[in-house]
Every structure is written in C-alpha cells, then in structure tokens.
Amino acid sequence: MSPRANVRSLDAIREFRPSVRRFEDDVMAALSMLRTELNRTMQWLDHDCPAHWKQQERNGFDKVAEARTTLTRKSMMTVAGHRSDCIDEKKALAKAKQNLEFAQQKLQLCRQWSIKAHRAADEYTARIGRAEQSLNQGIPKLLALLDRMVLALESYASVERAVRTDDFLSN
C-alpha cells in the first residue's frame, strides 16, 4: 500500500478557499483604486494644471500691461520741472514680467509632464492589465485545484476509514 498522506486538517484547506476569494477581492479593489488615482492625476495634468497656469499667464499679461501704463504715466509727469526716476514703477514692471515668464514656463512644463505621464500611464496600464489577466485566470484555477484536493482527500479519508473498519471487524 502507498504511504499515508500527511494531512493534518482538511478544514484548513476548506477555510483557505474564502481567503483566496478575499485576496482576489482586495487585489481587484486595489487595482481599481490605482486606476482611479491614475485617471485623477491625468485629469489634473491634462486640464486643471494647464488651466491654472493659462489663467496665471493671462493675469501676467494684464499686470505687465498695467505696470507699463503706470510707468509711462509716471514718466510723463513732471514735478517742479523734474521728471521722476520711476524706480518703483520699473521694479513693478520687472516683477510683472518675471511673474509672466514664470507662468509661461510652468505652462510649458505642464505640457511636457503631461506627455511623459501619458507614456508612463500607458506602460503602467499594460502591466496592470497583465496582472489582472493573470489574476482572472489564476484564481479560478487555484479554487478548482483546492476543490479537487478537498474531494481527493475526502475520498482518501473515507477509504482509510473503510480500511480501518475492515481491519477492526476482521480482528
């Protein structure tokens, strides 16, 4: 006769099945959450961030125009026959130009990062798709294997009991 199976608890195998299901549910929920976060990030990079910096750029153009107007008006004024140096107005114009340039740089960076992020997101989505496919194929196979194990072990245990009963009855 073949050696005996060293199974200590058939119930442990039965109880493992719901754990596999919970694992599947947890992984699918995590993947769904990651996909949602990816979509939010892409939405921000594609729409919200550029819209913000585009508005900042428009504001920058307005402030540069306003600072130029103020500088021009101040430079045309004469007080007691002297023209003003307009130092504060020149500083304000330089600061407005600097802010405008900053907003334009940020807008350009948003566009660049959006392109890079789309590439990375496509790569990530492909990997996640493979993981989901593996999970969708592997879990049912694992559950079927567990079911077959339980059936085989139950069958083995019933044969073992029958053999012991026969041995007991024959003695």
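The values are calculated or read from the model by the stated rules, or taken from the named source; none is laboratory data. Note that the coordinates shown come from a computational prediction; the quantities given were computed from them, not determined experimentally. Note: ideal-geometry Cβ built from the backbone for every residue, glycine included; neighbour counts use all protein chains shown. To get the accessible areas, we keep the full protein, side chains included, count just its heavy atoms, and leave off ligands, DNA and RNA. Shrake-Rupley method; radii C 1.70, N 1.55, O 1.52, S 1.80 Å.
Listing for the model above:
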quantity: Which listed residue is in a helix (DSSP H, G or I) and open to solvent by 80 Å² or more (accessible area, probe 1.4 Å), from 46, 26; calculated: 26
quantity: Selection from region 117-142 of residues that are over 16 Å from residue 43 (Cβ atoms), among the aliphatic types (A, V, I, L, M) and within 13 Å of the chain's Cα centre (by Cα); calculated: 128
quantity: Residue among 146, 153, 71, 135 that is touching a residue at least 60 places away in the same chain (Cβ under 8 Å), surrounded by 15 or more Cβ atoms within 10 Å (Cβ to Cβ) and in contact with a Leu (Cβ under 6 Å, 6 or more places away or on another chain); calculated: 153
